Amino acid sequence: MARSYVREARRPVGRRRERIGPIVERLEREHPDAAIALRSRSELELLVAVMLSAQTTDVNVNRVTERLFVKYRRPEDYLAVPVEELERDIYQTGFYRQKAKSIRGAMRVLLEEYDGRVPRRLEQLVRLPGVARKTANVVAAELGDPQGIVVDTHVRRLSQRLGLTRHDDPVKIEQDLVRLVPREKWGIFPHLLIWHGRRVCLARSPRCEECVLADLCPASRVERGERQRGVRATRRPPSSS
Ligand code: SF4
């Protein structure tokens, strides 16, 4: 089980319904460049890139797809080569056997049921082999029709620290978030938390003294008076006694 950050949210900072608006607003100002880091130029490339991104970094996927998407342009292309060839072409993303099998299975369903196009509904996407709820949520959101909120490791950690959920299970966290976050922000919200999580709210040592959410965050490590004055935290010298 991944580490839980629920207990870090201890300070009284007000109701989450009242905090969510300013949290989104400030994060949008702070990270105007927040967006998916996976590169794709079509719905099909998006689907394949997201499927390849399991258990690896976006940088790694982009490196592989740069060549992959020149060779494989249509669903048929993934089925036209022996599976071993596709495995070799995606080898560097890890779990290449399972991923190749899933991609080919998904391509088959696209051709048989959707005329080679990527469906938009979550319930259709999760029926594609190898497409779990998180992948489906990412694809639907990037296609402009978010039907849920993506919960990855950053979204989980920040939601817990910000006191937006008391749950550890991603499905329950998503349920809390969709009740709280305005519908028109479902697509951008995970990107904001992911970028804030990478730049400021780091897993091991969050930079609370630099964080624009310090006064809204029940897990902030900045002293209360300093948060209210918006002053940067200063380290106290160790006590001499
Ligand atoms: S970095 Fe910001 S969001 Fe993270 S714990 Fe500190 S104050 Fe909260």
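The values are calculated or read from the model by the stated rules, or taken from the named source; none is laboratory data. Only a predicted model underlies this, so the values are computations on that prediction, with no experimental measurement involved. Note that we place each Cβ from the backbone using ideal geometry, even for glycine, and neighbour counts take in every protein chain shown. The accessibility values were calculated without ligands, DNA or RNA, using every heavy atom of the protein model including side chains. Shrake-Rupley method; radii C 1.70, N 1.55, O 1.52, S 1.80 Å.
Values for this structure:
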{"quantity": "Residue identified as open to solvent by less than 70 Å² (accessible area, probe 1.4 Å), without any contact (Cβ under 8 Å) to a residue 12 or more places away in the chain and over 24 Å from Glu223 (Cβ atoms) among Ser42, Ser4", "calculated": "Ser42"}
{"quantity": "Contacts under 6 angstrom Cβ, first residue in segment 65-92 being modelled with pLDDT of 95 or more, partner outside any helix (DSSP H, G or I) and not small (Gly, Ala, Ser), 6 or more apart", "calculated": "Tyr78/Tyr72"}
{"quantity": "Residue in segment 155-165 that is open to solvent by 20 Å² or more (accessible area, probe 1.4 Å), within 17 Å of Ala132 (Cβ to Cβ) and within 16 Å of the ligand (Cβ to nearest atom) present", "calculated": "yes"}
{"quantity": "Helices (runs of 4 or more DSSP H) wholly inside segment 66-172 containing at least 3 residues that are within 26 Å of Arg17 (Cα to Cα)", "calculated": "133-142, 153-161"}
{"quantity": "Filtered residue count, segment 189-220, keeping only those that are free of Cβ contacts under 8 Å to residues at least 40 places away in the same chain, farther than 27 Å from Ala141 by Cβ and assigned to a loop (DSSP other than H, G, I, E, B)", "calculated": "3"}
{"quantity": "Single residue of Ile149, Ile173, Ile194 found to be at pLDDT 95 or above, more than 16 Å from the ligand (Cβ to nearest atom) and surrounded by 14 or more Cβ atoms within 10 Å (Cβ to Cβ)", "calculated": "Ile149"}
{"quantity": "Filtered residue count, segment 45-64, keeping only those that are farther than 14 Å from Ile103 by Cβ and touching a residue at least 60 places away in the same chain (Cβ under 8 Å)", "calculated": "0"}
{"quantity": "Odd one out for Gly105, checked against (1) under 18 Å from Arg39 (Cα atoms); (2) more than 23 Å from the chain's Cα centre (by Cα)", "calculated": "(1)"}
